[in-house]
Amino acid sequence: MKIGFLTCPGTHPGSPIRRPDAFEHDLQVDAIRPELAKLGHELVEIDWHSPVEAFAALPLVQIGTVWDYQDAEPEFLAKLDALETAGHILCNSAAVVRWNSRKTYLRELAESGAATIPTLWIDEPSSTDVETAMAQFGSDTIVAKRQVGAGAEGQSIHRKAALDPDWRMEHPAMLQPFLPQIQSDGEYSFLFVDGAFSHVLRKLPATGDYRVQTLYGGLEESLEPTPEDRTAAQAIVDALPFDAPLYARIDMVRSDQGGLLLMEAELIEPFLYPRQGPQLGAMIAAAIDRRLQTTTLTA
């Protein structure tokens with residue numbers, strides 16, 4: 001069978017406006033494609049902006065590198081709904097994506113017991129809200145993130161000594177204290193397929209930066225997780241309010257007390273770091289094949 005892999009103009013092969021970090025798309029596809037072929041399936045890259053009719057030959061579609069969805073969220077969610085209505089299997093499902101597309105899901109996970117970073121949720125924050133967050137969190141440095149965002153786009157950092165009184169964000173946002181351990185210890189990403197642990201890596205920002213994405217010079221390194229860290233990440237997957245999705249990337253940061261705090265549960269379009277997990281492609285392919293087999297049996 002042909003399996004769809006959703007892209008966007010910034011990641012689709014041959015696009016004239018490919019992003020500098022689109023090589024991550026290539027790495028991911030190169031890991032999954034040959035493993036699907038071993039099971040008799042063909043991976044087909046397709047831009048999510050394509051009409052529903054273009055997906056007719058694709059019974060299952062993996063949401064891959066849709067790295068512009070945050071700027072067209074209503075249209076993106078509507079396209080996923082239309083695909084499911086037309087009978088396509090989506091991985092991850094439209095319901096999972098809708099739940100995960102707004103970072104307010106972190107409040108739900110926190111209420112279920114997850115250790116998260118303290119957050120102030122503001123619809124259109126101004127410098128006054130940043131000052132409120134500084135006072136509330138006892139921090140001289142605040143990071144502002146879009147509630148619907150990806151890849152640190154639109155993210156900003158604010159320091160008390162140089163706060164711009166005219167600053168504001170024209171999006172629903174989350175304000176968090178800056179955690180210096182991001183620069184010293186990095187960010188941990190735990191990868192899961194169908195709820196099963198695949199691998200973990202640590203991402204470190206470039207000197208002088210705090211963003212860990214390769215687009216900003218970030219670096220990655222493989223590591224073996226401690227039992228405690230792996231258990232902390234697994235607990236987040238187990239706390240998701242639905243069956244285990246095809247893929248999940250749990251991003252965490254070390255707290256002052258030594259445990260891990262949840263930064264994000266990435267269930268829409270995360271890079272899955274196949275270089276650090278050479279078994280990832282086979283795990284994804286097997287999970288996709290299981291979904292196809294189950295659908296065939298119940299049809």
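Okay, residues lined up against (1) under 30 Å from residue 144 (Cα atoms); (2) β-branched (Val, Ile, Thr); (3) surrounded by 15 or more Cβ atoms within 10 Å (Cβ to Cβ); (4) free of Cβ contacts under 8 Å to residues at least 40 places away in the same chain:
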position	(1), (2), (3), (4)
4	no, no, yes, no
21	yes, no, yes, no
42	no, no, no, no
48	yes, no, yes, no
54	no, no, no, yes
59	no, no, yes, no
79	yes, no, yes, yes
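Among the residues of the stretch 216-234, the ones that are surrounded by fewer than 15 Cβ atoms within 10 Å (Cβ to Cβ) and of a type in the set (A, V, I, L, M, F, W, C) come to 2 in all.
Looking only at residues in the stretch 1-25 that are assigned to a loop (DSSP other than H, G, I, E, B) and under 16 Å from the mean Cα position of the chain (by Cα), which one is farthest from residue 62 (Cα to Cα)? Spell out the reasoning first.
Looking only at the stretch 1-25, we keep the residues that are assigned to a loop (DSSP other than H, G, I, E, B), and these are 1, 8-22.
Restricting the remaining residues to those that are under 16 Å from the mean Cα position of the chain (by Cα) gives 8, 11, 21-22.
Numbers: 8: 13, 11: 15, 21: 20, 22: 17 Å.
This residue is 21.
Taking the stated definitions as given, is residue 211 within 20 Å of residue 264 (Cβ to Cβ), open to solvent by 10 Å² or more (accessible area, probe 1.4 Å), at pLDDT below 95 and of a type in the set (D, E, K, R)? For residue 211, the condition - within 20 Å of residue 264 (Cβ to Cβ), open to solvent by 10 Å² or more (accessible area, probe 1.4 Å), at pLDDT below 95 and of a type in the set (D, E, K, R) - is met. For the stretch 61-77, the set of residues classified as crowded, with 19+ Cβ neighbours inside 10 Å and assigned to a helix (DSSP H, G or I) consists of 69, 70, 76, listed by residue number.
Here residue 70 passes the criteria (1) modelled with pLDDT of 95 or more; (2) in contact with a Lys or Arg (Cβ under 8 Å, 6 or more places away or on another chain) except the one numbered (1).
Name the residue that is surrounded by the most Cβ atoms within 10 Å (Cβ to Cβ), counting only residues in the stretch 99-153 that are among the charged types (D, E, K, R) and part of a helix (DSSP H, G or I). Only one residue tops the list, namely 129. Which one of 173, 133 is of a type in the set (A, V, I, L, M, F, W, C) and out of contact with any Lys or Arg (no Cβ under 9 Å at 6 or more places or on another chain)? Being of a type in the set (A, V, I, L, M, F, W, C) and out of contact with any Lys or Arg (no Cβ under 9 Å at 6 or more places or on another chain) holds for just one of 173, 133, which is 133.
The values are calculated or read from the model by the stated rules, or taken from the named source; none is laboratory data. All values reported here derive from a predicted model rather than from experimental measurement. Note that we place each Cβ from the backbone using ideal geometry, even for glycine, and neighbour counts take in every protein chain shown. When the accessible area is computed, the model is the full protein with side chains, heavy atoms only, and any ligands, DNA or RNA have been set aside. Shrake-Rupley method; radii C 1.70, N 1.55, O 1.52, S 1.80 Å.
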